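Have a look at the structure below, then the notes.
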Amino acid sequence: MFKMGDVYKRLYSTWQPPVAEPTSGYSMIMFTPGDLPFFLKISLGVCATQNPEHLVETIVVPDSKLM
């Protein structure tokens, strides 16, 4: 019988080790629906009001209709 710890070790054994010095800051993730492009404009407007001082990356995730 498997123990849950053994299952997790096997599932996550291929993950890379954590970086020695993590980058301080934050990531912004934006989900954009392909059939409602005006939401992209609204979300970009809201994100533009954020203080970008500690922003590390912006990730835009399109929905499946854009692919």
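Read the figures in this text as sums done on the coordinates, not as results from a lab. It should be emphasised that the depicted structure is a prediction, and the values quoted were computed from it without experimental measurement. When we count neighbours, we look across all protein chains shown, and the Cβ atoms used for this are built from the backbone with ideal geometry, even at glycine.
Things to note:
- Taking label positions 7 Å along the Cα-Cβ direction at both residue 11 and residue 32, the computed distance is 3.2 nm, reported to one decimal.
- Take every Cα pair under 8 Å whose residues are at least 6 apart in sequence, average their separation, divide by the length of segment 22-67, and the relative contact order is 60 percent.
- Correct option for Rg and Dmax of the Cα atoms in Å [calculated from the coordinates] among (1) 18.4, 54; (2) 14.7, 48; (3) 13.2, 39: (1)
- Dipole magnitude for the chain: about 300 debye, using +1 per Lys or Arg Cβ and -1 per Asp or Glu Cβ, origin at the Cα centre.
- Cβ-based charge dipole, the chain, positive-most Cα from 27, 49, 14: 14
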